[in-house]
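Readers should treat all values here as calculations from the given coordinates under stated rules, not as data from a laboratory. Quantities reported herein were computed from a predicted structural model and do not represent experimental measurements. As a convention, Cβ positions derive from the backbone with ideal geometry for all residues, glycine included, and neighbour counts pool all protein chains shown.
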Amino acid sequence: MTTTPSYKPRNFPLSGLTGISDKTLEMHFGLYEGYVNETNLLTERLAELDRDGKAAKNSAYAEMKRHLSYEYGGMILHEYHFDNLAPKGKGKPSSELTQAFEQSFGGLGAWRDDFVATGGMRGVGWAVVFRDPATGRLSNQWITLHEQGAPAGFAPILVMDAWALFANVNWQEVGERLLRASRTAK
């Protein structure tokens with residue numbers, strides 16, 4: 001008998017971020033925990049339908065399957081987002097990251113301007129710096145809600161929910177993501 005994975009909400013020591021109150025942070029942690037719980041619940045319900053042979057041509061199964069990408073995306077995007085934050089920021093962009101911004105945007109300032117513009121677009125969503133696995137170039141993308149707009153196969157490097165971000169960026173984590181994405185593309 002196969003078992004369904006059960007995700008556990010992670011803890012993120014982010015108290016004291018610049019421009020983000022701890023109260024606001026707690027609200028977002030609560031949202032994140034909801035995504036974790038819903039991901040687990042939907043995964044279990046879908047597994048039950050599979051086991052019972054009720055998945056084929058079942059409209060409830062289809063809707064749950066579609067909704068799972070929303071909940072799962074909410075969980076993972078929040079984890080990326082929280083991981084790339086640190087009180088008072090951490091470090092500075094690595095030489096590899098600086099070079100990637102230069103090659104992809106013409107420099108750190110040009111990348112930042114485009115990223116801020118992407119994050120400032122109207123609507124609910126996320127601004128994400130992705131690394132294109134085919135070209136190695138970075139691109140700023142908008143993800144609507146949690147599941148629409150993520151380019152297939154692209155690796156997220158920096159993920160932003162609509163908060164005061166730059167004062168809190170954990171550049172060490174962002175640089176490590178770039179290196180991991182570079183290694184997996186070869």
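Here are the numbers for this structure:
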quantity: Cβ-based exposure ranking for Trp126, Trp142, Trp171, in which fewest neighbours within 10 Å come first; calculated: Trp142, Trp171, Trp126
quantity: For Leu85, distant residues with modelled amide H under 5 Å away; calculated: Asn170
quantity: Karplus 3J(HN,Hα) series, Hz, for the range 9-20 with 6.51 cos²θ - 1.76 cosθ + 1.60 (x for Gly, Pro); calculated: x, 8, 9, 10, x, 10, 4, x, 5, 6, x, 9
quantity: Karplus-derived 3J(HN,Hα), 6.51/-1.76/1.60, for each residue of the range 65-78, Hz, glycine and proline x; calculated: 4, 5, 5, 4, 5, 5, 5, 5, x, x, 5, 5, 4, 5
quantity: Cut-off under 5 Å, modelled amide H: who pairs with Ile157 long-range; calculated: Val129, Phe130, Arg131
quantity: Cα gyration tensor shape of the range 22-83, rounded if a/c is under 1.5, else prolate or oblate by comparing a/b with b/c; calculated: prolate
quantity: Projected label distance in nm at Met121 and Glu102, using a 7 Å step from Cα toward the beta-carbon; calculated: 2.9
quantity: R0 of 25 Å, Cβ-Cβ distance Ser15-Ser59: FRET efficiency to nearest 0.05; calculated: 0.05
quantity: Hits among lysines - C-alpha to C-alpha of Lys54 under 22 Å, sequence gap 8 or more where chains match; calculated: Lys65
quantity: Most mobile listed residue (Ala117, Ala127, Ala100) in the chain, GNM with C-alpha springs under 10 Å; calculated: Ala117
quantity: Simple label model, 7 Å out from Cα along Cβ direction - Ala152 to Leu31, nm; calculated: 2.9
quantity: Straight-distance crosslink candidates among lysines, where the alpha carbon sits under 23 Å from Lys88 and sequence neighbours closer than 8 are dropped; calculated: Lys23
quantity: Global form of the range 1-108, assessed from the alpha-carbon gyration tensor, a/c cut-off 1.5; calculated: prolate
quantity: Positive dipole terminus of the chain, leading residue within Thr43, Trp171, Gly73 (C-beta point charges); calculated: Trp171
quantity: Sorted by Cβ density within 10 Å, fewest first, the residues Met160, Met121; calculated: Met121, Met160
quantity: Karplus 3J(HN,Hα) series, Hz, for the range 28-41 with 6.51 cos²θ - 1.76 cosθ + 1.60 (x for Gly, Pro); calculated: 5, 4, x, 4, 4, 4, x, 5, 4, 4, 5, 4, 4, 4
quantity: Cα-based helix-to-principal-axis angle, 108-119 vs the chain, degrees rounded to 10; calculated: 40
quantity: Size of charge dipole - the chain - debye, nearest 20, with Cβ of Lys, Arg +1 and Asp, Glu -1, no other charges; calculated: 320
